[in-house]
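K.L.:
One structure is given below, represented as structure tokens, and several questions about it will come after.
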Amino acid sequence: MSEISARLAPAEARRSRAAGPPESGAGTAQRRRVRRRRRRRFELYIWLFLAPTLLLYGVYTLYPIVASYWYSMLDWNGFDAHGTFTGFSNYAAVLKDRYFWNSFKVTVLFTAVTVPVRVGLALVVAVVLNNRLMPLRRLLRTAFFLPVITTSAVVGIVMQMILDPSSGPLNLSMEKLGLIHHGVDYLGSSSNALWSVMGVYIWKWFGITLIYWLAALQTVPAELVEAARVDGASGVRVFRHVTVPVLKPFLVIITLLTLVDTLQVFDLLLSMTNGGPQFHTEVLEIYIYRFAFAASVPQLGYASAAAVLFGLFAAVITAMQVVGVRFSRRSARSGS
Amino acid sequence: MTALTEGSRPSARVSRRRRWLWSRQRWPFTVAALVLLAIALVWIYPLVWTAGASLKTQTGVFTTASNPFPATLHWENYVRAWRDAQFGEYLLNTFIVTIAVVAITVVRTAMAGYVIARFAFLGRKVLVAVLVLTLFVPTGYTIIPVVEVSNQLHLLNSRWGMILALSGAAHVAEILLYVGYFRGIPKELEEAAVVDGAGFLTVFFRVMLPLAMPVTATVTLLTFLATWNNFFLPLVFTFSRPDLRTVSVGMLAFAGENSTDWSGLAAAATISLLPIVLLFLFLQRYFIEGLSGAVKS
């Protein structure tokens, strides 16, 4: 960010210097006064323009981020106007709860499986779709992208029907093809549920990673590929020596974008399994939701403590993203 | 004329196309396309199945589950979803909320982006740093204070409360998109307008904002998509106001009450998904450009 102001400051200095010297005496003073008045009026407009963002963003993003810490130290059911201060006891209780650690584990496992699959498979499909010799590229891209724009909560309900063990179309089709003899309980059995929701999640969001990769492949300079071709390099060698080096920095960015996505699986999982069976698909957001909103007596302080821990987890991942992008940019710059 | 001459030699055209598809250079890609086409059909199968199931009878859904296409069309499922499950109302709610949130978000992020891009004001560095730090804030983290603060402002069980809370979600990426675009516009354009006597507001609304049309299109689409599909916030904002539910929340409620009415659920799902799918198919290019912007920037 220092980059921004650094770039802007010299421009302003340059302008004032350019406008400054030729004038002299009273003219300059008057001009300066006019400019100062104009700047003051500008100042008003500047804050007027920032006001909606400062207000909305302040109330609904900044305040909640800070207030969560305060809430997390209260014993509060949400019905009383105020909670009672209990220090760090909520944190102690959360960290002792094995269901918290269960949901933490589910979140990490979910991320660790779906991110590499999405990034890897999407790269393969993107490389194939990026080739100009490929027929039907646009149609295929549209088909793979379509689930991305659908509403997760609606898809969750639809998938409950698709994956139904007795009358779901997936099981019935597989029975017809002779692949299985009786319906698989994808979402109801504790050994399958997490894998099934991972599969649906990958299906739902694969398209966006594909689009990221296609955008990255667009940056591979066509002349370079042509030149390598003319020099007699095979397709595989062109890919290894021309395409891969260009894609490397993008790998970091795309992996991290995908990683960050994966923390927001609440909609799909709540509507598809509600965290079940027996907490096997309960990610951290559902855990928080369960204590804050789904309980008959909400435990807002306790849920906030879990939320703060979740926020810290997300912050670590975001920090990785920022560092990773910086790093990959630097290496891209020094590489080119 | 041309149609005639082309039409008179159909066999030549077909064979030329066949030669094109199976030429020595292309045939591996043709094979790959066929494989991917098969996968793509499986890929969109759940959506096709849903549309098909919405037109089957309530028992037909179960007896002919693996065939997505209904034998006869049964529109009564839509009547049930629209009227009994109130999806007509939910759809209207979703439209109102989405359009309001898009309008507020576009205006506020454009104004903030312009000011950040063009002016040095006190605390700009801090503001930009804070914005970047909140580039990604999961809803699960902020939701409890958002509900509490809305409750205190008497905005909790109201449509306006939902709209404000959704517009107030970070939307940092949108601001940064505007910042980047406005910074790329040459300063001379504004200076010329100022020389012509244009004030601050005129410069922004008459010169800069129209120039930023591509960004506005992107921000509009991305915000539309995110708001239409939003679930967590509308869910907790409508616990005691079922009449304000959006389609995503309504879907969960419908499934909770009528989990065996598959054709009705499929009709409700089709009602919920159709607007956004149609919007995507018509404006596909902008969607994809907008989303791939995240990688390029």
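Throughout, read-outs are computed from the coordinates displayed, never taken from laboratory work. In this text, all values refer to a predicted model and were calculated from it rather than measured experimentally. As a convention, Cβ positions derive from the backbone with ideal geometry for all residues, glycine included, and neighbour counts pool all protein chains shown.
K.L.:
Quick one: if the Förster radius is 35 Å, what FRET efficiency do A:R33 and B:V126 give, using the C-beta to C-beta distance and rounding to 0.05? Spell out each step's value before the answer.
P.N.:
Values: r = 30 Å, r/R0 = 0.85.
Rounded to the nearest 0.05, the efficiency is 0.70.
K.L.:
Using Cα springs under 10 Å in a Gaussian network model of chain A, which residue among A:S152, A:S304, A:S166 shows the largest mean-square fluctuation?
P.N.:
Per the Cα network of chain A with a 10 Å cutoff, A:S166 tops the list.
K.L.:
Is there a simple number for the mean count of other chain Cβ atoms within 10 Å of the Cβ of residues in B:266-277, and what is it? Don't skip to the end; give the middle numbers.
P.N.:
Working: counts 3, 0, 3, 7, 2, 1, 7, 7, 0, 0, 4, 4.
Mean shielding by partner chains, rounded to a whole number: 3.
K.L.:
At 25 °C and 0.890 mPa s, what whole-number value in µm²/s does Stokes-Einstein give for the translational diffusion of segment A:219-336, with Rh from the Kirkwood sum over Cα pairs? Present the calculation step by step, with values, prior to reporting the outcome.
P.N.:
Working: Rh = 17.8 Å.
It comes out at roughly 138 µm²/s.
K.L.:
Only Cα pairs within less than 10 Å get springs; with that Gaussian network setup on chain B, which residue of B:Q58, B:Q152, B:Q284 has the largest fluctuation?
P.N.:
B:Q152
K.L.:
As a check on your grasp of the helix formula, calculate [θ] at 222 nm for chain A: sum -39500 (n - 2.57) over DSSP H runs of n ≥ 4, divide by the residue count, round to the nearest 500.
P.N.:
Value at 222 nm, helices only: -23500 deg cm²/dmol.
K.L.:
Oh, and also: Are there any chymotrypsin sites (Phe, Trp or Tyr not before Pro) in segment B:181-261 that are in a DSSP loop and have at most 11 other Cβ atoms within 10 Å? List them by number. Let's see the in-between values first.
P.N.:
Numbers: sites: B:Y181, B:F182, B:F200, B:F204, B:F205, B:F224, B:W228, B:F231, B:F232, B:F237, B:F239, B:F254; in loops: B:F231, B:F239.
The qualifying sites: there are none.
K.L.:
Further, regarding this structure: Hey, in the GNM for chain A with a 10 angstrom Cα cutoff, which one of A:L269, A:L139, A:L259 fluctuates hardest?
P.N.:
In the Gaussian network model the winner is A:L139.
K.L.:
Bin width 20 Å, alpha-carbon pairs only: give the P(r) of the protein assembly as shown as whole percents, running from 0 to the bin holding the largest distance.
P.N.:
It works out to 16, 47, 30, 7, 0, in whole percents.
K.L.:
Also, quick follow-up: For segment A:65-207, just the Cα set please: Rg and Dmax, both in angstrom.
P.N.:
21.8, 68
K.L.:
Oh, and also: For segment A:31-115, what does the equivalent ellipsoid look like in terms of its semi-axes, each the square root of 5 times an eigenvalue of the Cα gyration tensor, given largest first in whole Å?
P.N.:
On the way: eigenvalues 418, 94, 21 Å².
Square roots of five times the eigenvalues give 46, 22, 10 Å.
K.L.:
Related question: Could you work out how much longer the chain between A:S189 and A:V124 gets when fully extended? Use 0.36 nm per residue separation minus the Cα distance between them, nm to one decimal.
P.N.:
That pair, A:S189 and A:V124, stretches by 20.2 nm at full extension.
K.L.:
Let me ask something else. Measure of size requested: the Rg and Dmax of segment B:244-297, with Cα atoms as the atom set and Å as the unit; please supply both.
P.N.:
Calculated on Cα positions, Rg and Dmax stand at 15.6, 47 Å.
K.L.:
I want to check the label-to-label distance for B:L211 and B:I99. Put each point 7 Å from Cα in the C-beta direction and report it in nm to one decimal.
P.N.:
3.1
K.L.:
Work out, in µm²/s and without decimals, the Stokes-Einstein translational diffusion coefficient of segment B:206-293 at 37 °C, 0.692 mPa s, Rh from Kirkwood over C-alpha pairs. Working shown, then result.
P.N.:
Details: Rh = 15.1 Å.
So the translational diffusion coefficient is about 218 µm²/s.
K.L.:
For every other residue with a beta carbon closer than 11 angstrom to the beta carbon of A:G207, add +1 if it is Lys or Arg and -1 if Asp or Glu, then tell me the sum.
P.N.:
On the way: positive: A:R118, A:R141, A:K204; negative: none.
Within the 11 Å Cβ shell, the charges total +3.
K.L.:
Could you sort the peptides A:206-219, B:263-276, A:234-247, A:112-125 by per-residue average Cβ neighbour count (10 Å cutoff), highest mean leading?
P.N.:
Values: A:206-219: 21.9, B:263-276: 24.2, A:234-247: 14.4, A:112-125: 17.9.
Averaged packing, sorted descending, gives the order B:263-276, A:206-219, A:112-125, A:234-247.
K.L.:
Can you show me the helix-derived [θ] at 222 nm for chain B, built from DSSP H runs with n ≥ 4 at -39,500 (n - 2.57) apiece and divided by the number of residues, rounded to the nearest 500.
P.N.:
Details: 16 runs with 208 residues, N = 297.
Rounded to the nearest 500, the figure is -22000 deg cm²/dmol.
K.L.:
Here's something else I'd like to know. So for B:M213, A:M134, A:M161, fewest C-beta neighbours within 10 Å to most, what's the order? Don't skip to the answer; put the middle values down first.
P.N.:
Working: B:M213 10, A:M134 18, A:M161 23.
Going from sparsest to densest Cβ surroundings: B:M213, A:M134, A:M161.
K.L.:
Could you work out the Rg to Rh ratio of segment A:89-335, with Rh taken as the Kirkwood radius (inverse of the mean 1/r over all Cα pairs)? Display every interim value, and only then the final one.
P.N.:
Values: Rg = 21.5 Å, Rh = 20.5 Å.
Result for segment A:89-335 is an Rg/Rh of 1.05.
K.L.:
What's the average, rounded to a whole number, of partner chain beta-carbon atoms within 10 Å of each residue's beta-carbon in A:270-276? Show your work: numbers first, answer last.
P.N.:
Values: counts 4, 8, 0, 0, 2, 0, 0.
If you average over the peptide's residues, the count of other-chain Cβ atoms is 2.
K.L.:
Enumerate the amide H contacts of B:R241 below 5 Å, restricted to partners 5 or more residues apart or on another chain; note that Pro and chain-start residues carry no placed amide H.
P.N.:
Distant-sequence amide H within range of B:R241: zero hits.
K.L.:
Here's a follow-up. What average count of beta carbons from other chains do you get within 10 Å of the Cβ of residues in B:119-130?
P.N.:
Details: counts 9, 6, 6, 3, 1, 6, 4, 1, 5, 4, 2, 4.
That average works out to 4.
K.L.:
Something else now. Using the Karplus curve 6.51 cos²θ - 1.76 cosθ + 1.60 with θ = phi - 60°, work out ³J(HN,Hα) for each residue of segment B:240-247 in order, rounded to whole Hz, and write x for Gly and Pro.
P.N.:
3J(HN,Hα) across segment B:240-247, in whole Hz: 9, 9, x, 6, 9, 4, 8, 4.
K.L.:
Please grab the % of Cα pairs in segment A:138-195 that end up more than 16 Å from each other.
P.N.:
56
K.L.:
Separate question: If Lys and Arg each add +1 and Asp and Glu each add -1, what is the summed charge of the other residues whose beta carbon sits under 13 Å from the beta carbon of A:V242? Display every interim value, and only then the final one.
P.N.:
Values: positive: A:R229, A:R237, A:R240, A:K248; negative: A:E223, A:E226, A:D231.
My count for the surroundings of A:V242 gives +1.
K.L.:
Also, quick follow-up: With a cut-off of 8 Å between alpha carbons and a minimum separation of six or more residues, what is the relative contact order of chain A in percent?
P.N.:
Details: 326 pairs, mean separation 86.0, N = 336.
Relative contact order, chain A: 26 percent.
K.L.:
Roughly what would the spin-label model give for A:L133 and A:T219, points 7 Å off Cα along C-beta, in nm?
P.N.:
2.7
K.L.:
Further question: Treat the count of other C-beta atoms within 10 Å as a stand-in for reagent exposure and order A:E282, B:E89, B:E76, B:E257 from fewest to most.
P.N.:
Numbers: A:E282 26, B:E89 17, B:E76 14, B:E257 9.
In order of increasing Cβ crowding within 10 Å: B:E257, B:E76, B:E89, A:E282.
K.L.:
Under the Karplus relation 6.51 cos²θ - 1.76 cosθ + 1.60, θ = phi - 60°, what is the ordered set of whole-Hz ³J(HN,Hα) values for segment A:284-298, x standing for Gly and Pro?
P.N.:
Rounded to whole hertz, the list is 4, 5, 6, 4, 4, 4, 4, 7, 8, 10, 8, 7, 5, 10, x.
K.L.:
Shifting gears a bit: Bins of 10 Å, beginning at zero and ending with the bin holding the largest distance: percent of Cα pairs per bin for segment A:170-216, please.
P.N.:
Percent of Cα pairs in each bin: 25, 32, 27, 15, 1.
K.L.:
Then there's this: If you rank B:I144, A:I180, A:I162 by fewest surrounding Cβ atoms within 10 Å, what's the result?
P.N.:
Working: B:I144 29, A:I180 13, A:I162 21.
Neighbour counts put them in this order, fewest first: A:I180, A:I162, B:I144.
K.L.:
Same structure, new question: If you bin the C-alpha pair distances of chain B every 5 Å from 0, what whole percents do you get?
P.N.:
Binned Cα distances yield the sequence 1, 5, 9, 10, 11, 11, 11, 10, 9, 8, 7, 5, 3, 1, 0, 0.
K.L.:
Here's another thing I want to ask about it. Which values, in whole Å and largest first, are the semi-axes of the equivalent ellipsoid of segment A:170-290 obtained as the square root of 5 times each eigenvalue of the Cα gyration tensor? Display every interim value, and only then the final one.
P.N.:
On the way: eigenvalues 331, 92, 18 Å².
Largest first, segment A:170-290 gives 41, 21, 9 Å.
K.L.:
Now for a separate question. For a quick check: with amide H placed at 1.01 Å from N, whose amide H comes under 5 Å from A:L74's, ignoring anything fewer than 5 positions away on the same chain?
P.N.:
A:T86
K.L.:
If I take R0 = 41 Å and measure r between the Cβ atoms of A:L54 and B:S240 in this structure, what FRET efficiency does the formula 1/(1 + (r/R0)^6) give, to the nearest 0.05? Could you put the intermediate results ahead of the total?
P.N.:
Numbers: r = 31 Å, r/R0 = 0.75.
The computed FRET efficiency comes out at 0.85.
K.L.:
Can you list the equivalent-ellipsoid semi-axes of segment B:143-297, largest first and in whole Å, using the square root of 5 times each Cα gyration tensor eigenvalue? Provide the component values of the computation, followed by the final result.
P.N.:
Values: eigenvalues 293, 90, 30 Å².
After scaling each eigenvalue by five and taking roots: 38, 21, 12 Å.
K.L.:
While we're on this one: From the mean inverse distance of alpha carbon pairs (Kirkwood) and the Cα radius of gyration, derive Rg over Rh for segment A:25-71.
P.N.:
Values: Rg = 19.0 Å, Rh = 13.4 Å.
My calculation puts Rg/Rh at 1.42.
K.L.:
What FRET efficiency do you get for A:W101 and A:E175 if R0 is 51 Å and r is their Cβ-Cβ distance, rounded to the nearest 0.05?
P.N.:
Numbers: r = 39 Å, r/R0 = 0.76.
Calculated value: 0.85.
K.L.:
A further question follows. Under 18 Å from a point 7 Å along the Cα-to-Cβ line of B:L278: which residues of segment B:57-97 have their amide N that close?
P.N.:
Taking a point 7 Å out along Cα→Cβ of B:L278, the residues of segment B:57-97 whose backbone N falls under 18 Å are B:75, B:78-79, B:81-83, B:87-97.
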